[in-house]
Amino acid sequence: MRVLGVNAVFHDPSAALVIDGQVVAAAEEERFSRRKHGKRPVPFSAWELPELSMRWCLKHANLRPEDLDAVAYSFDPGLARKPEEVGLADPWEQLRITYAERAPKFLATALPGLDPGIVRFVPHHVAHAASAALASPFRSSSVLVLDGRGEHASHLSGHYTGGSLETLAGQDLPHSLGLLYESLTQHLGFLHSSDEYKVMALASYGEPRHLPELRDLIHATDDGGFVAHVPDWSRWAPPRGRDADLEETSWRGTWADLAASVQARLEEVMVDLARWLHARTGDKVLTMAGGTALNCVANSRIWRETPFEEVWVQPAAGDAGTALGAALQAAADHGDEPHPMPSAALGRAWTDEELAAWLRGAAVPFTTPADLAGEVADVLAGNGVVAWFDGRSEFGPRALGHRSLLAHPGFAENLERLNDVKGREQFRPVAPMVLQDRAAEIFDGGPLPSPYMLFVHNVRPEWRERIPTVVHVDGTARIQTVDPARQPRLGRTLEAFEARTGLPVLVNTSLNTAGRPMVDDPRDALELFGSAPVDALVLGPHLVRRGQMFASGSREGASAAAAQPAGAVL
């Protein structure tokens, strides 16, 4: 089976390709269109398809639309209910359903040659569940899905064996932990369905003073579901305007206390739901997806406080991941055995020579060092910032050493520096990447290894002053463990940095600036490098130094690239 998965109906449009049960490619539309999140999740945008990412997936596998056996669309309009039946106030909701019903024809128009008859609808939460359980390394697992909404629900609990899902519980709208958190995000002056991670960061600066009251409004139920009434947030904190400054006094005040209270209650309810599920299945493994599963603080509490021995979270846990899940589920339903995703590096890549051609075309002087890791480690040890572009781009919102900004973790002022580089709020933390075999001596309180940056760990006290840049205000860090066997160039760089500094840790934050999608292609990388105060750019095996780039001053000095040997300054 050759199955193209498509997510389009809400936000983060994406495409994924599964061939014979193997995950071949997956990408979000924003990486091509350069529009953050692809589109806004309003009914008027539901017709928009991830045309660029769909075409790239097919091109990557040398397929034409007519070569596909199925297209799996991660929403089933036949399961939708009237808006008034599920407490949705949007008078245009029916328009979303109409567009979804017409998706087969829209897809056939976007991909000429495609037979609309091979398009099948996969229920939204089944697609989420499949993206977790079928993409994980485990053949059998419990699965927990929590997000804003699907066709008529906001939650699914179940059990997967092979490609077969047994649904054990679900929660109908209007109760939704995801929509509750979105509502708070908007009240705090951030963009809902986009900036929820900022609320999670802000919560660490507050005290959960309102937790007792919230426990009456938000709680799990005996049937595996929950009650989640969206309160009038103004009873605890005034709304913050989108343009209002969030000064440090506010981080630790009224707004932060409200964020801390809701975050704490969300964690408690998620732990209760996971415990309920374990009591029904007795499984050792829990897999998770849905946008709420990107809440890495809650994920860590589930790992610590429930009987599950393993917790695996889909790296693209938000709606983007439903393209992958829909494709895997469709393949399984047609008899293919689903295989675990090989990594989150499922997007575009360029050969070493193609990357060199980009640099020559841009008249950028560069070298191809024999010891790239050593030269980059020198820049980092000297407190330089490095833009790192290596291999296939990541699927999902986390930078995992393929499209990353790297920096020295040993200087407390680097947090403010990096937030300034990226144009971010100063209360937001940056994360560490650490050599996998060294992680346990520096971090605890979360699962190891942790390759996808989906859990928070405590930073051991003796290390907090050594790596202050990556220690959040509550003493935690959202880590990525790096296996040099899987990411050799990055692994060698970490080893070289440790040899120079004694620290097997680097700062790792996403390669983008505020409001823009993560860098995906070489042009994006060069544009960022030219506009942000970054000291060096790594493009595969090639190294661009800021001083050389701006000292060169002439196109002629860089145009001799083809005549220069490897390692020469071009």
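The values are calculated or read from the model by the stated rules, or taken from the named source; none is laboratory data. Everything numeric in this text was worked out from a predicted model, so none of it was measured. Here Cβ is always computed from backbone atoms with ideal geometry, including for glycine, and neighbour counts include all displayed protein chains. Accessible surface areas use protein heavy atoms only, side chains included; no ligands, DNA or RNA. Shrake-Rupley method; radii C 1.70, N 1.55, O 1.52, S 1.80 Å.
In the chain, what percent of the accessible surface is made up of carbon and sulfur (1.4 Å probe, ligands and nucleic acids excluded)?
49
For Cα pairs less than 8 Å apart in space and 6+ apart in sequence, what is the mean separation divided by the residue count of region 160-286, i.e. the relative contact order in percent?
About 33 percent, as a whole number.
Semi-axes, largest first, in whole Å: what does sqrt of 5 times each Cα gyration tensor eigenvalue give for region 157-297?
Whole-Å semi-axes of the equivalent ellipsoid: 30, 15, 13.
With only alpha-carbon atoms counted, please give the Rg and Dmax of region 382-478, in Å.
13.2, 36
Spin-label point model (7 Å from Cα, Cβ direction): what's the residue 109 to residue 352 distance in nm?
With each label point 7 Å from Cα toward Cβ, the separation is 4.7 nm.
Using the eigenvalues of the Cα gyration tensor, what equivalent ellipsoid semi-axes result for the chain when each is taken as the square root of five times the eigenvalue, whole Å, largest first?
The equivalent ellipsoid of the chain has semi-axes of 37, 30, 22 Å.
What does the extension gain come out to for residue 486 and residue 219, with contour length at 0.36 nm per residue minus their alpha carbon separation?
Value of the extension gain: 92.0 nm.
Going 7 Å from the Cα of residue 209 in the Cα-to-Cβ direction, what parts of region 253-294 have a backbone nitrogen less than 17 Å from that spot?
Correct set: 253-265.
What nm distance separates the two modelled labels at residue 275 and residue 59, each placed 7 Å from Cα along Cα→Cβ?
Result: 5.2 nm between the two label points.
On each of the three principal axes of the Cα atoms of region 318-373, give max minus min coordinate, whole Å, ordered largest first.
Result for region 318-373: principal-axis Cα extents of 52, 24, 21 Å.
Based on C-alpha coordinates, I'd like the Rg and Dmax of region 433-561, in Å.
Answer for region 433-561, Rg first and Dmax second: 17.3, 55 Å.
Using the Cα centre of the chain as origin and beta-carbon charges of +1 (Lys, Arg) and -1 (Asp, Glu), tell me which of 300, 358, 145 is placed farthest towards the positive end of the dipole.
358
Over region 330-422, what is the relative contact order in percent, taking alpha-carbon pairs closer than 8 angstrom and at least six residues apart?
With pairs under 8 Å counted, the relative contact order is 27 percent.
With both bridge residues required to lie in the chain, what share of the DSSP beta bridges run antiparallel, to the nearest 5%?
Approximately 70 percent, going by the DSSP bridge assignments.
Report the full-extension gain for the segment residue 82 to residue 98: residue separation times 0.36 nm, less the Cα-Cα distance, to one decimal in nm.
That works out to 4.6 nm of additional length.
Please state the relative contact order of the chain as a whole percent: Cα pairs under 8 Å, 6+ residues apart?
Reported as a whole number, the value is 16 percent.
Find the accessible area per residue for the chain; the probe is 1.4 Å, ligands and nucleic acids are left out, and the unit is Å².
With all protein chains present, the chain gives 37 Å² per residue.
So how far, in whole Å, is the C-alpha centre of region 127-170 from the one of region 497-525?
Going from one Cα centre to the other spans 32 Å.
If you average the C-alpha positions of region 182-209 and of region 408-480 separately, how far apart do those two centres end up, in angstrom?
Distance between centres, Cα-based: 20 Å.
Quote the Stokes-Einstein diffusion coefficient, in whole µm² s⁻¹, for region 41-114, based on the Kirkwood radius over alpha carbon pairs, a temperature of 10 °C and a viscosity of 1.306 mPa s.
115
What three numbers, in Å, describe the spread of the alpha carbons of region 74-185 along their principal axes, ordered from the longest?
Largest first, region 74-185 extends 38, 36, 24 Å along its Cα principal axes.
Applying a 10 Å radius around every beta-carbon, put 42-53, 446-457 in order of their mean neighbour count, most first.
So the order, starting with the most tightly packed, is 446-457, 42-53.
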